[in-house]
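I have placed the structure first, in the form of structure tokens, so that the comments after it can refer back to it.
The values are calculated or read from the model by the stated rules, or taken from the named source; none is laboratory data. Computed from a predicted model, the values in this text were never measured in an experiment. Don't worry about glycine lacking a Cβ; one is built from the backbone with ideal geometry, like all the others, and counts go over all protein chains shown.
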Amino acid sequence: MADKKDFLLEIGTEEMPSAPLSNAVAQLGKLVDEGLDELGLSHGKVRIISTPRRLAALVADVACATEERNESRRGPAARIAFDAEGNPTKAALGFARKQGVNAEQLRRHVDADGNEYVFAEIHEESRPAEPLLTQLCEHIISHLEWPNYRSQRWGSEHVSFVRPVRWICALLGSEVIDVTYGDVTSSNTTRGHRVLGAGEHVVAEPKLYEDVLRSACVLGEEERTAVIRKGIAQIEAERGGAHVDTPRATFQEVVNLCEWPSVIVGKFDEEFLAVPHEIICESMLSNQRYFPIYDKNGKLTCEFVVVSNADPRCAATVIDGNERVVRARLDDAKFFYDEDLKVPMDEFVERLSQVVFQEKLGSMRQKVERMEALALAAAHQLDANEELAQKAQRAAHLAKADLVSQAVIEFTSQQGVMGGYYAEAAGEPVDIADAIREHYRPRFAGDKLPSGVVGQLVALADKIDTACGMFAIGEPPTGSADPFAVRRAAIGVIAILKVLPKLELRKLIHCALSSLAAQGISFDVAEVETDVVKFFAGRLAAMAKKDGIAPDTIDAVSAVGVIDPAEFFARAHALDEARSSQPELFDDLAVAYARAAHLADKNLGIEVDETLLTESESVLLQACCEGEQNVEKALASGDYEGACRSLAALREPIDRFFDDVLVMDEDTKLRENRLRLLNRFANVFADVADIGVLSRKR
Amino acid sequence: MSTTPLSFQDMILALEHYWADQGCTVMQPYDSEVGAGTFHTATLLRSLGPAAWRTCYPQPCRRPADGRYGENPNRMQHYYQFQVVLKPSPADSQELYLGSLTAIGLDPAEHDVRFVEDDWESPTLGAWGLGWEVWMDGMEVTQFTYFQQVGGIEVDPVPVEIAYGLERIAMYAQQVDSVYDLVWSWLPDGTAIKYGDVFLENEREFSAYNFEVADVPMMRQKFDDYERECHACLDRKLPLPGYDCVMKCSHAFNLLDSRGALSAVERANYILRVRTLAKACCESYLAEVASKSDAEKKEVA
């Protein structure tokens, strides 16, 4: 057994960004673990230690050499391996090649089972770990990946990394492993915190690595997280039940922006609390990576948490600097907000004529006009009372007003939110203010919908107008280009229509296109309407697929032309469930339907002469009549399970019909009557689903 | 910050001395309107080709749309950057930068200095690089970028660009809340000459000019003329005058923008035209100048 020593690889860099750093941390453990295994170096646990300026792997008990190997491997039976003259056959040669020995080196002897085989004796010398580790370290540094991020070159080097590599500390026990990457060669030193532990520090052996880091004021990720959490908990405790908001992404970034964190509290003037809190929090969290503090009643306070990387003795200076930054930002925000409040919202709306929505679709003002018409039409479709309809129209009118407000120009992501504040300040009813605030929802699949009907109608109007507009000017979304996020808009429309099932998407599309045409945008309304309907059908199908509904079920339902989401999904689910509870029945029915549809001649109609029927035919006709009535009833009440059940009831009669009856009888009268019966059969399905689709794949 | 903070001009002088000691050629600002220190030939064109180069200079930058008639304490249409370029980037570029902060009286040991990811891309220059914005106590004071591509061309060796926001740093050092209150210099009798004394009137007049007066048809014409001129220069293998025209185009575009004369599509189109010119100049500079030895250059001349 070879000696074992701990192994350390530390890649020292200039400050790495948080996201790619986290990603590399995940890769590094795997690369080291698998790399050592592949080299045949036994080892203990791999630990990863990271800071913005280093990525390190610490491995316990790495063998100082690979094991010497002596192995006897059994090959083919001797009688196969050698021909009559005793020369090796192809089988023997192949085996020898695979084992890396010459055919002459193959031995033959009797194995435990009493048969004679050929054997290859494998001998592998023990190899020292150092050169293998050199190779592994260099491989790892050059093979870390930076997905969704770019790596860079530096100086005169041609290697790349996410940020310049400045030192490498690589040790097996107290021995330096030679590693070279670009202009950097390894040593037994690491580097400390930029100011608290500046310069190089010797790491005598891997075991001492973390102690050396700590004494040079550098903490690994877990320790930094713990220090920050503890600091925050203390701040909360000191403020009796206060809560510090630490959104996950920002928190992770903060952890990866320091090596020696200290948690401190800054403050801004009370007067700024009059500024909408969304703006204050955005300023603090996204721009500055501060955490807002809420009091025990959940109210935003004028204090905030800063995680500093400086010498804790400089806290006063650091706080002062950070407070200046917040003050300047909030000063701006407050000024903008106060100025904005002086402008009537309707005036903002008029200014929207200066804002281009889309080159060919005109200004935002024009879009608002279309949204108003559409929101009003949708409200009427809902049989909403006139008050609600008026509110929907008013909310649509005001929805985009804040785009020209100074606050939104400065804090773009607060669009909608600011409009809500302005509307409230102007005395608009609460549901209108809410509608303005929430009309961008849902922003992504699964996002919350606007909370009230008014907001849902405005959101719907906004999104349908965008989708229809882009189709009208011949710029529908493509795989590579969807600059106006039409796909996301469609998903939003579908989500909203699911909760407003009374609305008919086709009518809304028609209304939206009419508004576009009325504003002088020229396009073929009928043609675009077909395209938009097709587009929504495609979105529905994609969403149904995500829901786990079988693709052919989706096709069968789509073929009927349903695009109202609630109905579409109810039908798809019903058919899917019916099929999975009685798979054989539906497969069979599908085959029969396809056969009927194949034979059928639509021109003959569905009026059957009952006097010409045999018994099987009469039974089928009877079943069809009942089916028609049942399906009609079921569909009228939205009972899609019932409709599927009614279809299922046709299986036996149709199977019997095909068993007993020769459709293509020589007698034209009989033949045509039978074809009429089949037409009638197929017709029962017409409004439920194109069952024939289900048979296609077989 | 116990000692008296440096005046604005002393800060510039201190930076020049510091970087001169690091082997930088101290240059003067480019004598034409530019939107950022990067536009200076000493940064952009010198980034191309294999020759080593170190320079530093202050550069007034013009961003017409950022004017606030002198009424905003932080925002101006004309402000200063201090620009440093080190090519190839040395292994201790960050340490050199931190040293420069000490040189202007902001010792990194007494502050919270952070390198916060901020990758840089200039669509008009066909350039990008990776780096950081440097924060001092939460305030962004410098852009620090390792160029990777300039004018659509991979740079090799890699230059590092360090761009200080001079007013911000000075405001912090001098602890004032308005840029116009910065002490620029002192008269012999001890009277302070403030930033406002030097530039407030300039901000008022140019804000009015940029937003209200600049003649739109003339700017469009100017753009077209200089675009043509640029091509004429490049046809004669004269990348430097050609590049000079690019900056004229760029400024004309910025004025059209501040006048609100451009639709979104037009805007994108102008940016594309500037980029096309900038790329052509970079390619020409690399071919005619940067990749040639001195002897070859003389032959051309």
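Structure data summary
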{"read-out": "Listing of strands (runs of 3 or more DSSP E) fully contained in region A:104-184 that carry 1 or more residues being within 14 Å of chain B (Cβ to nearest Cβ)", "value": "A:165-172"}
{"read-out": "Strands (runs of 3 or more DSSP E) wholly inside region B:109-171 containing at least 1 residues that are more than 10 Å from chain A (Cβ to nearest Cβ)", "value": "B:120-122, B:127-136, B:139-150, B:160-165"}
{"read-out": "Some residue of region A:678-693 being buried (at least 18 other Cβ atoms within 10 Å of the Cβ), acidic (Asp, Glu), in contact (Cβ under 8 Å) with a residue 24 or more places away in the chain and outside any helix (DSSP H, G or I)", "value": "yes"}
{"read-out": "Filtered residue count, region A:296-317, keeping only those that are within 8 Å of another protein chain (Cβ to nearest Cβ) and either closer than 15 Å to B:SER178 by Cα or touching an Asp or Glu at 6+ places or on another chain (Cβ under 7 Å) (or both)", "value": "5"}
{"read-out": "Filter pass, B:LEU101 being at pLDDT 95 or above, under 24 Å from A:GLN288 (Cβ atoms) and aliphatic (A, V, I, L, M)", "value": "yes"}
{"read-out": "Test: residue in region A:279-289 that is more than 18 Å from A:ILE235 (Cβ to Cβ) and acidic (Asp, Glu)", "value": "yes"}
{"read-out": "Flag for A:VAL255 being among the hydrophobic types (A, V, I, L, M, F, W, C), over 34 Å from the mean Cα position of the chain (by Cα) and within 14 Å of chain B (Cβ to nearest Cβ)", "value": "no"}
{"read-out": "Residue that is surrounded by the fewest Cβ atoms within 10 Å (Cβ to Cβ) [pool: residues in region A:26-47 that are touching a strand residue (DSSP E or B) at 6+ places or on another chain (Cβ under 6 Å) and outside any helix (DSSP H, G or I)]", "value": "A:LYS45"}
{"read-out": "Qualifying residue in region B:82-89 (condition: more than 8 Å from every other protein chain (Cβ to nearest Cβ) and assigned to a loop (DSSP other than H, G, I, E, B))", "value": "no"}
{"read-out": "Candidates B:VAL116, B:VAL85, filtered to the one that is closer than 19 Å to A:GLU14 by Cβ, in contact (Cβ under 8 Å) with a residue 12 or more places away in the chain and buried (at least 22 other Cβ atoms within 10 Å of the Cβ)", "value": "B:VAL85"}
{"read-out": "Selection from region B:138-154 of residues that are farther than 26 Å from B:CYS281 by Cβ and among the charged types (D, E, K, R)", "value": "B:GLU140"}
{"read-out": "A:ARG53 vs. criteria within 14 Å of chain B (Cβ to nearest Cβ) and among the basic types (Lys, Arg)", "value": "yes"}
{"read-out": "Options A:ASP332, A:ASP320: the member that is in contact (Cβ under 8 Å) with a residue 60 or more places away in the chain, over 30 Å from A:PRO476 (Cβ atoms) and either in a helix (DSSP H, G or I) or within 12 Å of another protein chain (Cβ to nearest Cβ) (or both)", "value": "A:ASP332"}
{"read-out": "Given (1) over 17 Å from A:GLY321 (Cβ atoms); (2) more than 13 Å from chain A (Cβ to nearest Cβ); (3) outside any strand (DSSP E or B), number of the condition B:ILE193 does not satisfy", "value": "(3)"}
{"read-out": "Helices (runs of 4 or more DSSP H) (entirely within region A:544-635) containing at least 2 residues that are hydroxyl-bearing (Ser, Thr, Tyr)", "value": "A:551-558, A:565-581"}
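Yes/no matrix, rows are residues, columns are (1) among the hydroxyl-bearing types (Ser, Thr, Tyr); (2) surrounded by 19 or more Cβ atoms within 10 Å (Cβ to Cβ); (3) more than 13 Å from A:ASP687 (Cα to Cα); (4) out of contact with any Ser or Thr (no Cβ under 8 Å at 6 or more places or on another chain):
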{"residue": "A:GLU615", "(1), (2), (3), (4)": "no, no, yes, yes"}
{"residue": "A:GLU628", "(1), (2), (3), (4)": "no, no, no, yes"}
{"residue": "A:GLU632", "(1), (2), (3), (4)": "no, no, no, yes"}
{"residue": "A:LEU635", "(1), (2), (3), (4)": "no, no, no, yes"}
{"residue": "A:TYR640", "(1), (2), (3), (4)": "yes, yes, no, yes"}
{"residue": "A:ARG645", "(1), (2), (3), (4)": "no, no, yes, yes"}
{"residue": "A:GLU652", "(1), (2), (3), (4)": "no, no, yes, yes"}
{"residue": "A:ASP665", "(1), (2), (3), (4)": "no, no, yes, yes"}
